[in-house]
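The values are calculated or read from the model by the stated rules, or taken from the named source; none is laboratory data. Everything numeric here is computed off the predicted structure, so don't read it as measured data. Every residue, glycine as well, gets a Cβ built from its backbone with ideal geometry; the counts of neighbours run over all protein chains shown. For accessibility, only protein heavy atoms count, side chains too; no ligands or nucleic acids. Shrake-Rupley method; radii C 1.70, N 1.55, O 1.52, S 1.80 Å.
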Amino acid sequence: MPWFVWLLAAAALGAAEFFTLTLVLGLLAGAALVAAVVAGVGVGLLGQIVALAAAAAAGLLLVRPVALRHMAQQPITREGSDALIGKQAEVVREVTGTHGLVRLAGEEWSARALDDSLVIPVGARVDVMEIDGATAVVYPRELLP
């Protein structure tokens with residue numbers, strides 16, 4: 001089989017990987033590139049197929065599990081406002097479902113309660129559940145009276 005056929009197969013598989021993001025088709029595209037190199041050197045069809053199978057097996061059995069593990073890991077450090085999620089804050093001005101003010105990481109942030117029916121009094125400790133723009137969405141650490 002001519003080397004350019006393997007190269008076309010690699011391009012088609014690479015394009016398909018772009019749309020699926022499964023890591024399978026991309027590894028098969030790499031294996032097709034290996035087969036194209038083997039074909040370019042002048043090895044026969046059987047050798048090309050063996051090279052394709054070996055490269056595909058190596059990719060799927062060795063590379064894909066490592067890549068999936070790395071993709072599943074959370075970032076080691078969170079930056080910006082994402083770093084504030086999960087932190088404690090103190091209510092400076094009463095927090096309701098629509099407005100309020102908390103002291104968070106030494107700064108005053110506008111805030112609203114996660115549960116719209118809550119009214120969190122001044123001085124209460126709250127947890128930051130999410131950051132919505134410039135507003136901290138909070139929930140009280142302890143039961144409210």
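Looking at the stretch 76-95, which of its residues are of a type in the set (A, V, I, L, M) and open to solvent by 90 Å² or more (accessible area, probe 1.4 Å)?
Ile76
Could you tell me which numbered condition Ala57 fails, if it satisfies all but one of (1) at pLDDT below 95; (2) loosely packed, with under 14 Cβ neighbours inside 10 Å?
For Ala57, the exception is condition (1).
Can you name the residue in the stretch 96-122 that is among the polar types (S, T, N, Q) and surrounded by 12 or more Cβ atoms within 10 Å (Cβ to Cβ) and is also nearest to Gly80 (Cα to Cα) among such residues?
Ser110
Which ones in the stretch 123-135 are open to solvent by less than 50 Å² (accessible area, probe 1.4 Å), out of contact with any Lys or Arg (no Cβ under 8 Å at 6 or more places or on another chain) and either touching a residue at least 60 places away in the same chain (Cβ under 8 Å) or not β-branched (Val, Ile, Thr) (or both)?
Initial filter on the stretch 123-135 (open to solvent by less than 50 Å² (accessible area, probe 1.4 Å)): 123-124, 126-128, 131, 135.
With the extra rule that they be out of contact with any Lys or Arg (no Cβ under 8 Å at 6 or more places or on another chain), the set shrinks to 123, 131.
Answer for the stretch 123-135, where residues must be open to solvent by less than 50 Å² (accessible area, probe 1.4 Å), out of contact with any Lys or Arg (no Cβ under 8 Å at 6 or more places or on another chain) and either touching a residue at least 60 places away in the same chain (Cβ under 8 Å) or not β-branched (Val, Ile, Thr) (or both): just Gly123.
In the stretch 91-98, is there at least one residue being acidic (Asp, Glu) and at pLDDT 90 or above?
Scanning the stretch 91-98, I find at least one residue that is acidic (Asp, Glu) and at pLDDT 90 or above, so the answer is yes.
Counting only residues that are part of a helix (DSSP H, G or I) and not hydrophobic (A, V, I, L, M, F, W, C), which one in the stretch 1-54 is most open to solvent (accessible area, probe 1.4 Å)?
Taking the candidates together, the pick is Thr20.
Across the stretch 136-145, what is the number of residues that are within 22 Å of Asp82 (Cα to Cα) and open to solvent by 50 Å² or more (accessible area, probe 1.4 Å)? Show your work before the answer.
Just the residues of the stretch 136-145 that are within 22 Å of Asp82 (Cα to Cα), to begin with: 136-141.
Retained after the next criterion (residues that are open to solvent by 50 Å² or more (accessible area, probe 1.4 Å)): 139, 141.
Of the residues in that region, 2 qualify.
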